[in-house]
Amino acid sequence: MAELGPLRPERVAVYTLTLPGLTVAERVQRALPGSTLYAPSKYGGLLEGAVYFAEAIKDLLPKTWPLHDGHVFVMASGIVLRAIAPLILDKRVDPAVLVVDLRGRYFVPLLAGHLGGANPLARYLAETLGGEAVLTTGTDAVGAPAPDLLAKALGARVPDWKPLKEVSALLVDGRPVGFWSDCVDLSPLRRYPMVRVLRAPEAEGVEGMVLFTVKRPFPLPVPALFAHPPALVLGIGCNRGTPLEEIREAVFAFLEEGGFAREALGCLATAALKRDEEGLLAFAEEIGLPLGFHPAEVLNAQRIPNPSEAVFRHTGLWGVAEAAVLAEGARLLVEKTKRGNLTLALGVRTLRIPEEALP
């Protein structure tokens with residue numbers, strides 16, 4: 001069965017303007033439990049639970065546009081294009097927009113096919129309702145991996161989207177594009193003829209590059225899209241009462257000096273005895289990352305490169321920062337580093353590309 005993708009059914013709106021469209025819209029709404037169906041007021045009472053409107057669709061949409069993450073229109077595409085034109089902002093924030101013909105045969109994404117999830121929504125509805133998804137995004141049409149969809153599936157942050165257009169065009173044209181990563185298993189990409197999975201972040205033999213990396217962007221001689229998956233694990237040990245300001249300054253300086261991207265941080269980890277450490281708790285909340293607390297028996301079971309007898313005498317632990325990284329299932333990248341009242345260590349997890357993100 002086709003996957004619905006990132007959209008939640010209850011965050012989708014379905015619109016129609018005609019009586020034949022109402023029948024199809026009802027089927028779409030049933031396939032998306034919790035979705036909202038909007039219909040003209042002249043059909044009031046025909047469908048229980050529908051929201052009826054009296055104004056033109058172009059006047060209704062400014063009100064409903066921000067309320068939903070996906071919009072499915074059972075009507076002519078020209079009507080939809082004219083109505084949504086003033087509302088379109090940027091592919092990173094635009095909602096999914098889908099057009100369906102009045103017989104429910106064709107499901108056509110118009111906007112946000114990748115990042116907004118319109119393409120998987122079209123596939124899902126076509127399979128569920130017995131129609132055909134008509135995908136016009138270039139990479140989908142030629143069966144090439146889409147860098148923006150891969151980035152979204154991996155939860156990666158992209159500091160600069162401008163190279164995406166050029167890199168995607170190269171993929172669509174079948175030109176060699178290099179993919180490299182220090183934190184993602186890229187082996188599933190080897191099946192695409194236009195993809196070169198690189199051993200090093202070097203542009204030899206390729207015309208563009210996509211890099212999933214925990215490192216900050218660096219210059220390359222070809223168009224290159226950098227994406228930072230949340231693969232880094234930061235292990236933290238600190239003296240009792242270390243303030244938030246010192247933790248923030250030490251952590252960011254530690255990442256900066258190592259050339260690591262802050263956006264690649266996935267979680268923080270420490271010892272269970274730090275559950276009430278106010279500075280650590282405040283820092284985790286400030287940067288919006290989970291903070292893992294590991295008990296002594298788990299930390300002491302890790303084979304760390306730098307055990308400390310002094311720390312063991314004081315806490316019963318052979319180490320905190322390195323052990324916490326390993327306890328999170330990460331590979332140690334940077335061994336423990338002392339910075340004032342803190343001890344920091346850094347590790348990386350190997351992420352895998354979800355199969356549904358590949359054509």
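Structure values in brief
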quantity	calculated
Where Rh is the Kirkwood radius over Cα pairs, Rg/Rh for the stretch 83-215	1.01
Contour minus Cα-Cα distance for Arg105 and Asn341 (0.36 nm per residue)	78.5 nm
Electrostatic dipole magnitude of the stretch 305-358 [Cβ: Lys, Arg +1; Asp, Glu -1; Cα centre; debye, to 20]	260 debye
Coordinate range along principal axes, alpha carbons of the chain, Å, largest first	79, 50, 35
The stretch 116-247, dipole about Cα centre (Lys/Arg Cβ +1, Asp/Glu Cβ -1), debye to the nearest 20	180 debye
Percent of Cα pairs exceeding the 16 Å cut-off, where the set is the stretch 237-359	62 percent
Those aspartates and glutamates that a straight Cα-Cα span of less than 19 Å connects to Lys63, excepting residues fewer than 8 apart in one chain	Glu10, Glu55, Asp90, Asp94
Taking the chain and dividing mean pair separation by its residue count, relative contact order in percent (alpha carbons under 8 Å, at least six apart)	12 percent
Calculated [θ] (222 nm, deg cm²/dmol) that DSSP helices of n ≥ 4 give over the chain, each run adding -39,500 (n - 2.57)	-8500 deg cm²/dmol
Accessible area of Arg262 in the full protein assembly, 1.4 Å probe (Å², nearest 10)	130 Å²
Members of Lys58/Lys162; Lys215/Lys336; Lys58/Lys165; Lys215/Lys274; Lys91/Lys162 lying beyond 21 Å, as alpha-carbon distances in this model show	Lys58/Lys162; Lys58/Lys165; Lys215/Lys274
Among His68, Gly104, Val14 - extreme Cα towards positive end, dipole of the stretch 8-110, charges at beta-carbon	Gly104
Reciprocal mean inverse distance between Cα atoms of the stretch 27-154 - Kirkwood radius, Å	15.4 Å
Residue-span extension gain [Glu297 to Arg92] - 0.36 nm each, minus C-alpha spacing	69.4 nm
Angle in degrees between helix 163-172 and the longest Cα principal axis of the chain, rounded to the nearest 10	60 degrees
Base-10 log of normalised Debye intensity for the stretch 163-322 (one unit scatterer per alpha-carbon) at q = 0.10, 0.21 Å⁻¹	-0.51, -1.26
Cα-centre dipole for the stretch 86-151 with unit charges at Cβ (Lys and Arg positive, Asp and Glu negative), debye to 20	80 debye
Rounded accessible area per residue of the stretch 248-359, 1.4 Å, Å²	50 Å²
Listed peptides 127-135, 93-101, 336-344 by packing density, highest first (mean Cβ within 10 Å)	93-101, 336-344, 127-135
Volume of the Cα convex hull of the stretch 117-178, divided per residue and given in Å³	93 Å³
The chain - percent of accessible surface contributed by carbon and sulfur, probe 1.4 Å	52 percent
Intensity falloff of the stretch 156-231 expressed as log10 I(q)/I(0), Debye formula with alpha-carbon point scatterers, at q = 0.11, 0.15 Å⁻¹	-0.23, -0.44
Rounded if a/c under 1.5, otherwise prolate or oblate - the stretch 75-139, Cα gyration tensor axes	oblate
Computed FRET value (nearest 0.05) for Leu281 with Ala310, which takes r as the C-beta separation and R₀ as 30 Å	0.75
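The values are calculated or read from the model by the stated rules, or taken from the named source; none is laboratory data. Please read these numbers as outputs of a predicted model, since none were measured by experiment. Counting neighbours? That spans all protein chains shown, and the Cβs are built from the backbone with ideal geometry, glycine included. Please note that ligands, DNA and RNA were not included when accessible areas were found on the heavy atoms of the full protein model with its side chains. Shrake-Rupley method; radii C 1.70, N 1.55, O 1.52, S 1.80 Å.
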